[in-house]
Structures are given as C-alpha cells and as structure tokens.
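Asker: Let me give you the structure first, and then I'll get to my questions.
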Amino acid sequence: MAYKKLLHLLIIGEFASILLAIFIAFQFPQLLPPALQDYLATEAFSGGLLIMALLLLLGLIVSYIGLWRTKPWGRLLYTATALGMEFVSFNSATIMSGLETVFNDLFLISMGGILTLIWATELRHDFVAADTSSDG
C-alpha cells in the first residue's frame, strides 16, 4: 500500500531530522551570533523541563514502533506526544541557528504529514482494523 510506504518514509525522515537538529544544537553552538550564545549560556534549564523533554522523546520513539506496525496505541501515543511537544515550546524562548531550524522545520512538516496520514487517509482504517482484530 502506498500510504504505508509513505508513513514509513515520514517516520524515518522525522526521526532523522530531529536527531540532526539536536546534534547541531549541541555540537555547533557557534552557528549562533555571539549575543545569542551568551544568552543561552546564562539560561538555566530546569530539571523538570529536561525530564519532560526526555519523556516526550521516549514517547516519540515508542510511538514510531506502534505506527510502523499500525497499532492503535501507536497512533494515540504519537498524537499525544506531538501535542505535548508543542506545549513544551511555550516554556521559554526558542533560539535556533538557521541550520538547526531547517531540520526542526523538516521535523514539523513530517509530523504534520504523519498526523494527516494516520487520521485523515485510508490508512486510518488499518489502525482500527488492528484494534478489532486483536480482541480475539
């Protein structure tokens, strides 16, 4: 099925793009102007925010497995994780280099594509069928 292949490609692309954005953020802080580097150096990250970010990343990875196998819980977990990621960004200012922003934007575009595929295309029936067939 073409939708399943597209879903798999989007999952791979989304995961790769978020890993690259995180890698660039931590390995290449010099891509930011000096004033922004200074600001980030003084910005304190709370332990709660770090724990929440790690839990969301774990939820994202687990949901990829569920989506790949078209499990109903994968679709629900992915949707909840996607919404959770959006609320975390309200915590403080977001500062990214141009290159990091490119990969973050690719991540968000992929997320929109995945949400559209799993809720608004014929692929949504695979998740429901998986739910009813697992009952016995």
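Asker: Quick one: is Leu6 in contact (Cβ under 8 Å) with a residue 40 or more places away in the chain, more than 19 Å from Thr101 (Cα to Cα) and in contact with a helix residue (DSSP H, G or I) (Cβ under 9 Å, 6 or more places away or on another chain)?
Answerer: Yes, satisfied.
Asker: Turning to a different aspect of this structure: Sort out which residues of the range 23-52 are buried (at least 16 other Cβ atoms within 10 Å of the Cβ), at pLDDT below 95 and either of a type in the set (Val, Ile, Thr) or farther than 18 Å from Thr101 by Cα (or both), and write them in order of number.
Answerer: Met52
Asker: Which condition does Thr70 not pass, out of (1) free of Cβ contacts under 8 Å to residues at least 60 places away in the same chain; (2) under 30 Å from His125 (Cβ atoms); (3) not in a helix (DSSP H, G or I), if it passes all the others?
Answerer: (1)
Asker: Just checking, how many residues over the range 77-94 are closer than 24 Å to Val128 by Cβ, of a type in the set (A, V, I, L, M, F, W, C) and either loosely packed, with under 15 Cβ neighbours inside 10 Å or in contact with a Ser or Thr (Cβ under 8 Å, 6 or more places away or on another chain) (or both)?
Answerer: Looking only at that region, the number is 3.
Asker: Out of everything in the range 1-22 that is surrounded by 10 or more Cβ atoms within 10 Å (Cβ to Cβ) and among the small types (Gly, Ala, Ser), what residue ends up being nearest to Trp119 (Cα to Cα)?
Answerer: Taking the candidates together, the pick is Gly13.
Asker: Let me ask you something else. In the range 51-60, is there at least one residue being touching a residue at least 40 places away in the same chain (Cβ under 8 Å) and in contact with a Leu (Cβ under 7 Å, 6 or more places away or on another chain)?
Answerer: The answer is no; no qualifying residue exists.
The values are calculated or read from the model by the stated rules, or taken from the named source; none is laboratory data. Small disclaimer: the values here were computed from a predicted structure and weren't measured. Note: ideal-geometry Cβ built from the backbone for every residue, glycine included; neighbour counts use all protein chains shown.
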